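Asks: Let me begin by handing over the structure; questions about it come next.
The values are calculated or read from the model by the stated rules, or taken from the named source; none is laboratory data. What you see is a predicted model; the values in this text were computed from it and never measured. Cβ placement follows ideal geometry from the backbone for every residue including glycine, while neighbour counts extend to all protein chains displayed. Heads up: the accessible areas ignore ligands, DNA and RNA and are worked out on the full protein's heavy atoms, side chains in. Shrake-Rupley method; radii C 1.70, N 1.55, O 1.52, S 1.80 Å.
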Amino acid sequence: MRITDVKIEKLRLDLIEPFKVTFAEFTGSDNVIVKIETDAGICGYGEGAPLAFVTGEVFEGTIAVLKMFRQGLIGMDPLNIPGIHGMMDALIHENGSAKCAVDIALHDIKGKYLNLPVWKMLGGESGVVVNDVTIGITTPDKMAEAARRNVRELGFSILKVKCGIDPDTDIETMRLIREAVGPVIRLRVDANQGYTVEKALYAIEGFKKHGVDAVEQCLPDWDMEGSALIRSRVSGIKIILDESIHTPRDAERAIRLQAADVFNIKLMKCGGLYPGMRIGSLAGAGGLNCMVGCMLESSLAITAGISLVAANKAVTEADCDAFLFIKEPKVQMSGGFTRDGGTFTLLDKPGLGLDIGF
Ligand SMILES: [Mg+2]
């Protein structure tokens, strides 16, 4: 089988309402969809969601990089996923979203070729995944109300709360949220690089009083040593790294430094399912767990992310909720998975199981 063409299109996703994290407020995302065609009549779809603050990519750059990959891809065997990653890595450093768009499309093709859903093809036993839902930064009262609504009305059992601006406000927010949702709901906090070591240690002691399971990315992405220091000083709460972990190499370094208990894998940071599975394997071997997170992605990349959760034993947590905040997450596409509250069930259809109209 050979690749005959690569089509690249823009996918604009608008949020229902603005979403605030420590470093930015989002209203939407300009994403990229690729369609890879083959001489076997099978085609695959992939998505890239460039996010300048995290991956260093912008939409126009992602398009330019994909055009560069297009030259290398035509004529290659789409089943040679490691070889294609080698080609892309040789052409350009980083650019995870562009590489991810190609990688997802290749997995979609391979699944269709083998007549297996991607999650089964990668080793998954069950296509059922329990996902959290994220609460953006507003005021402590409004965040507690959002938490209550997500649990009582929408059926989620795990909440991820964006914090990281001021420890006292953050602790108060978590107190109000715990009060609003009761004792059983699992809570995790994402500081999105907003703390110093001192602030993180102070905030963590407060969070623990309100039964917070885990705290994500307390420090700037480059400060893995700082994260190791925090981890050595606290107990009873898991330390998650997100912005610090892009590639398998970052994961290896974090394991060596004992800087985390959990890695937040994002397909857009690492470059897709192939490197994502490698991070999962490294984490598993090092005794860590993983979560799969997401950028502002449509059902296409979200289906790929949930497939990674279902496929990799070391991936125990799912934070693939961005499509819930998008006005039309299924623009021109249907299938992939179904949702009942926080329980997502992947379809038993070849590839990613999506019908895409382009
Ligand atoms: Mg995060």
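Asks: State whether one or more residues within the range 69-77 are in contact with a Leu (Cβ under 6 Å, 6 or more places away or on another chain) and either open to solvent by less than 60 Å² (accessible area, probe 1.4 Å) or within 29 Å of D190 (Cβ to Cβ) (or both).
Replies: There is no residue in the range 69-77 that is in contact with a Leu (Cβ under 6 Å, 6 or more places away or on another chain) and either open to solvent by less than 60 Å² (accessible area, probe 1.4 Å) or within 29 Å of D190 (Cβ to Cβ) (or both).
Asks: May I pose another question? Kindly state which helices (runs of 4 or more DSSP H) lie completely within the range 89-183 and contain at least 2 residues that are without any contact (Cβ under 8 Å) to a residue 12 or more places away in the chain and surrounded by fewer than 24 Cβ atoms within 10 Å (Cβ to Cβ).
Replies: Here the list reads 140-152.
Asks: Also, I was wondering about something else. I need a count of the residues in the range 317-353 that are over 24 Å from F26 (Cβ atoms) and in contact (Cβ under 8 Å) with a residue 40 or more places away in the chain.
Replies: Number of matching residues: 12.
Residue-by-condition table, conditions (1) in contact with a strand residue (DSSP E or B) (Cβ under 9 Å, 6 or more places away or on another chain); (2) open to solvent by less than 30 Å² (accessible area, probe 1.4 Å):
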| position | (1), (2) |
| --- | --- |
| R2 | yes, no |
| D5 | yes, no |
| L11 | yes, yes |
| P18 | yes, no |
| F23 | no, no |
| S29 | yes, yes |
| V32 | yes, yes |
| K35 | yes, no |
| I42 | yes, no |
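Asks: If I filter the range 8-27 for residues that are of a type in the set (D, E, K, R), touching a Pro at 6+ places or on another chain (Cβ under 6 Å) and part of a strand (DSSP E or B), do I get at least one hit?
Replies: Checked against the condition, which is being of a type in the set (D, E, K, R), touching a Pro at 6+ places or on another chain (Cβ under 6 Å) and part of a strand (DSSP E or B), the range 8-27 yields at least one hit.
Asks: Got a number for residues in the range 45-88 being in a loop (DSSP other than H, G, I, E, B) and polar (S, T, N, Q)?
Replies: Final tally of qualifying residues: 1.
Asks: Those residues that are open to solvent by 10 Å² or more (accessible area, probe 1.4 Å), within 17 Å of L288 (Cα to Cα) and within 14 Å of the ligand (Cβ to nearest atom), I need them from the range 198-226; list them, please.
Replies: none
Asks: For the range 338-347, check the following and say yes or no: at least one residue is at positive phi and either open to solvent by 40 Å² or more (accessible area, probe 1.4 Å) or of a type outside the set (S, T, N, Q) (or both).
Replies: yes
Asks: Quick test for you: out of K266, K238, pick the one residue that is open to solvent by 40 Å² or more (accessible area, probe 1.4 Å) and touching a strand residue (DSSP E or B) at 6+ places or on another chain (Cβ under 8 Å).
Replies: K238
Asks: Hey, can you tell me all the residues within the range 184-197 that are open to solvent by less than 30 Å² (accessible area, probe 1.4 Å) and either free of Cβ contacts under 8 Å to residues at least 12 places away in the same chain or within 16 Å of the ligand (Cβ to nearest atom) (or both)?
Replies: Those that are open to solvent by less than 30 Å² (accessible area, probe 1.4 Å) and either free of Cβ contacts under 8 Å to residues at least 12 places away in the same chain or within 16 Å of the ligand (Cβ to nearest atom) (or both): L187, R188, V189, D190, A191, N192, G194, Y195.
Asks: Could you give me the residue pairs with C-beta distances under 8 Å whose first residue belongs to the range 21-33 and is free of Cβ contacts under 8 Å to residues at least 40 places away in the same chain, whose second residue is more than 12 Å from the ligand (Cβ to nearest atom) and not in a strand (DSSP E or B) wherever it lies, and which are 6+ apart or on separate chains?
Replies: If the second residue must be more than 12 Å from the ligand (Cβ to nearest atom) and not in a strand (DSSP E or B), the pairs left are D30/P50; D30/F59.
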